[in-house]
């Protein structure tokens, strides 16, 4: 699953949702580009994303989830 954010603000919200679910970079997801605020910012899930977090991420503006 890939989450694409077209603004840095959207990426920050997605990252907060992932951290709140106790998901960690490298172990559970990758961020591309690393250490950049230039959109698009992509999160690639390395495992399955819990349904509750997927629902929260779908509500974030400027964000798209692709399976």
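Bear in mind that the values in this text are calculations on the coordinates, not laboratory data. From a predicted model like this one, the values you see are computed outputs, not experimental measurements. Please note: Cβ atoms are built from the backbone with ideal geometry, for glycine as well, and neighbour counts cover all protein chains shown.
Computed values, structure above
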{"read-out": "222 nm mean residue ellipticity, helices alone, for the chain (DSSP H n ≥ 4; -39,500 (n - 2.57); rounded to 500)", "value": "-9500 deg cm²/dmol"}
{"read-out": "Relative contact order of the chain, defined on C-alpha pairs under 8 angstrom at six or more residues apart (%)", "value": "52"}
{"read-out": "Segments 36-49, 1-14 sorted - mean Cβ within 10 Å per residue, highest first", "value": "1-14, 36-49"}
{"read-out": "Cα principal axis extents for the chain, largest first, Å", "value": "27, 24, 21"}
